[in-house]
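Below is one structure, written out as structure tokens; the observations come after it.
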Amino acid sequence: MALNKQNKSSTYLTIVGGKISQRVPEGTDGAVARKLKNGPNEGSEVYELQYGSVTGKITGGSVESGDYGDQIAIEIADGKESYILKLPWNSKLRDAFVKRVPNIDVTEELEIICFPDKQDKSPVMLIKQKGGFVKFAYTKDNPNGLPAPTKKKVRGKEEWDWTETESFLWEVASSFFEQFEGDSTPEFQDSVDEEDFQSQFESVGASKGGDDEIPF
């Protein structure tokens, strides 16, 4: 009998400045330097390779809470390569992914494309599969059960209450990833500083609109 240790490692990816970014050692060919804006390592320089997209099949993932906010972890495999793409929960990136998952075919390869918006430089995410772009399953005209935010008074001032909306999306994302349960979870190839993830969280912009806007 032969025993073989399973040792899968994944490349850890985030989205910075509208680009899919991979942390690499200083001196890596093509790496771009960036200073951390938060946490105990604020001001430290890190080095990243930047990409416009990542291709593969979704093989797992999770929605989770951490010290620097809630986040989505998407596990993607492309042949022998595997990746974990992390997205901040309170961001446009969350909506760009979660509102499309009912229309994603997990048996087929897809491409997650990211780029900065031409006007405000916020990150834009598109998902391409089967020769076309995956459409939103939840829109303003066709919410398909997604609760709209409601207004409530807080200390005499009207504010949007997103509790039901976010709870619905959390359940959508959790249910989507539950279909992969039982698969082995790859180990991270590289770790990303939590304060750096907070920097990413602040840079992508919240998905919640102003007082007069209900974005879908």
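The values are calculated or read from the model by the stated rules, or taken from the named source; none is laboratory data. In this text, all values refer to a predicted model and were calculated from it rather than measured experimentally. Positions of Cβ are generated from backbone atoms using ideal geometry, with glycine treated the same way; all protein chains shown enter the neighbour counts.
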Report task. Name every residue in segment 68-125 that is within 18 Å of V16 (Cα to Cα) and among the hydroxyl-bearing types (S, T, Y), in order of residue number. Result -> Y68, Y83, S91, S122
Query raised in the report: For segment 119-153, how many residues are among the basic types (K, R), more than 20 Å from the chain's Cα centre (by Cα) and under 20 Å from V172 (Cα atoms)?
Result: 1
Query raised in the report: Looking at (1) at pLDDT 95 or above; (2) within 13 Å of the chain's Cα centre (by Cα), which is the only condition D70 fails?
Result: (1)
Query raised in the report: For segment 121-185, which strands (runs of 3 or more DSSP E) that fit wholly inside it have 2 or more residues that are of a type in the set (A, V, I, L, M, F, W, C)?
Result: 123-129
Report task. Kindly indicate whether any position in segment 94-117 is outside any loop (DSSP other than H, G, I, E, B), basic (K, R), within 17 Å of the chain's Cα centre (by Cα) and crowded, with 20+ Cβ neighbours inside 10 Å. Result -> yes
Report summary line: Filter segment 11-40 for residues that are closer than 23 Å to W89 by Cα and part of a loop (DSSP other than H, G, I, E, B); the one that is modelled with the lowest pLDDT is G39
Report task. Check segment 108-120 and report whether any residue there is in contact with a Phe, Trp or Tyr (Cβ under 9 Å, 6 or more places away or on another chain) and without any contact (Cβ under 8 Å) to a residue 60 or more places away in the chain. Result -> no
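Can D67 be described as surrounded by fewer than 16 Cβ atoms within 10 Å (Cβ to Cβ) and in contact (Cβ under 8 Å) with a residue 60 or more places away in the chain?
Yes, satisfied.
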Report task. Select from segment 124-159 the residues that are of a type outside the set (S, T, N, Q), in contact with a strand residue (DSSP E or B) (Cβ under 6 Å, 6 or more places away or on another chain) and at pLDDT below 95 and list them in ascending order. Result -> P149, K151, K152, E158
**Report entry** Filtered residue count, segment 16-64, keeping only those that are hydroxyl-bearing (S, T, Y) and touching an Asp or Glu at 6+ places or on another chain (Cβ under 7 Å)
**Finding:** 5
Query raised in the report: Which of the residues that make up segment 16-60 are polar (S, T, N, Q), buried (at least 17 other Cβ atoms within 10 Å of the Cβ) and closer than 30 Å to F180 by Cβ?
Result: S21, Q22, Q50, T59
Report summary line: The condition from (1) touching a Gly at 6+ places or on another chain (Cβ under 7 Å); (2) under 20 Å from D117 (Cα atoms); (3) outside any loop (DSSP other than H, G, I, E, B) that A73 misses is numbered (2)
